[in-house]
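Okay, structure first, notes after.
The values are calculated or read from the model by the stated rules, or taken from the named source; none is laboratory data. Only a predicted model underlies this, so the values are computations on that prediction, with no experimental measurement involved. Note that each Cβ is placed from the backbone with ideal geometry, even for glycine, and that neighbours are counted across all protein chains shown.
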Amino acid sequence: MVHAQFDPTARRALAIAAVDAKIRKDLSWQQIADASGLSVAFTTAAVLGQHALPEEAAKAVAELLDLDEDAVRLLRTIPTRGSLDGAVPTDPTIYRFYEMLQVYGTTLKELVHEQFGDGIISAINFKLDVKKVADPEGGERAVIILDGKYLPTKPF
């Protein structure tokens, strides 16, 4: 992975170009992940600018999406994370996650602290999965698994 600083606007431009290539080539995120050899959640986040890809994965993704060597370098560069600005999200899907945390954030915090003690759930040592399942009452449900390592607060 590349540890150099880079222009975040270049990384955002690459994300836009990569999504455009994905659409033009009629690829799924799973197909891109299969090329990378990594999970679909990690690969998607990386292509969208939130993770660095290992060299071979970056090359495979760039080749699949017809991206150049500069794209490979950017895909390998450790990013400045956080894709949302400070305002309340306006995209309806992202807003619903924001809403979920507004409603259930304090509940999640209380339950984590009750079960684990004072600490956090890591977003670095983390796994994410999204599944579509049938709803017994009709339609479909989204099952989202957020699997982070618990890190206790350490007194010093």
Within region 132-156, how many residues are of a type in the set (Lys, Arg) and either exposed (fewer than 10 other Cβ atoms within 10 Å of the Cβ) or modelled with pLDDT under 95 (or both)? 2
Reported set for region 67-83 where residues are surrounded by fewer than 11 Cβ atoms within 10 Å (Cβ to Cβ) and modelled with pLDDT under 90 is GLY82
Filtered residues of region 35-50 (kept if surrounded by fewer than 19 Cβ atoms within 10 Å (Cβ to Cβ), in contact with a Lys or Arg (Cβ under 9 Å, 6 or more places away or on another chain) and of a type outside the set (A, V, I, L, M, F, W, C)): SER39, GLN50
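Are there helices (runs of 4 or more DSSP H) fully within region 1-61 with at least 3 residues that are without any contact (Cβ under 8 Å) to a residue 60 or more places away in the chain and over 18 Å from the mean Cα position of the chain (by Cα)? List them.
8-24
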Within region 75-115, which residues are assigned to a helix (DSSP H, G or I) and touching a residue at least 12 places away in the same chain (Cβ under 8 Å)? LEU75, ARG76, VAL112
Answer yes or no as to whether THR153 is out of contact with any Leu (no Cβ under 6 Å at 6 or more places or on another chain), among the β-branched types (Val, Ile, Thr) and more than 22 Å from TRP29 (Cα to Cα). yes
